[in-house]
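The values are calculated or read from the model by the stated rules, or taken from the named source; none is laboratory data. The structure displayed is predicted, hence computed values, not measured ones. Because the Cβ atoms are built from the backbone with ideal geometry, glycine has one as well, and the counts that use them run over all protein chains shown.
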Amino acid sequence: MGTSPKALSTKKPSHDSGSPVLERESLLVAASYSGPIPDPEMLRAYDRVSPGLAMRLVANAEAEAAHRRSLETAALRAEIEDRTRTSHERLRGQVCACVITLAALAAGAYTALQGHELAGSVLGGIGICPIVTTFILGRQARATP
């Protein structure tokens, strides 16, 4: 944002003494811009102060924008990798839970078929109870904010 005050001088005759009185009026002009690069008029003014300054300012703004985009891209890639890893971990957990449940059910069924119904029921129940509990608690955890 830049400001440039300009002063105007005028001579007006005095009503009291007949001699001229010097009055001073000030006009304040303010200019502003938003964004990384000033408007062309300000860039030309910077170049008058220091040749090449406008190009350095533009190059700096371009480099800063490229740096910001590279950071945003890196953050986005990290988030994607994290979500992918979490998804794979969940899938492995579900597969392991399925294998353990099926093994417990198979062991319970085999034990029951061998004439040990109570032991087979306990083995089958041990295989199913954790899965059912996980589904119930998981739904409750998602329902509460």
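Listed by position, the helices (runs of 4 or more DSSP H) inside the stretch 40-145 whose residues that are acidic (D, E) and either at pLDDT below 90 or on the phi < 0 side of the Ramachandran plot (or both) number at least 3 are 53-113.
Against the test of being aliphatic (A, V, I, L, M) and under 30 Å from S121 (Cα atoms), the options L102, L76 yield a single qualifying residue, L102.
Could you look through the stretch 110-135, keep only residues that are of a type in the set (V, I, T), more than 16 Å from V99 (Cβ to Cβ) and in contact (Cβ under 8 Å) with a residue 12 or more places away in the chain, and pick out the one that is surrounded by the fewest Cβ atoms within 10 Å (Cβ to Cβ)?
Here is the first cut: in the stretch 110-135, the ones of a type in the set (V, I, T) are 111, 122, 126, 128, 131-134.
So of that shortlist, the ones also more than 16 Å from V99 (Cβ to Cβ) come out as 111, 122, 132-133.
Narrowing further to those that are in contact (Cβ under 8 Å) with a residue 12 or more places away in the chain: 111, 122.
Values: T111: 18, V122: 15.
Among residues in the stretch 110-135 that are of a type in the set (V, I, T), more than 16 Å from V99 (Cβ to Cβ) and in contact (Cβ under 8 Å) with a residue 12 or more places away in the chain, the one surrounded by the fewest Cβ atoms within 10 Å (Cβ to Cβ) is V122.
Are there any pairs with C-beta distances below 8 angstrom linking a residue in the stretch 39-67 that is among the small types (G, A, S) to a residue that is surrounded by 11 or more Cβ atoms within 10 Å (Cβ to Cβ) and modelled with pLDDT of 90 or more, with the two at least 6 apart or on different chains, and if so which? Partner pairs satisfying both residue conditions: A54/L43; A54/R44; A54/Y46; A54/D47.
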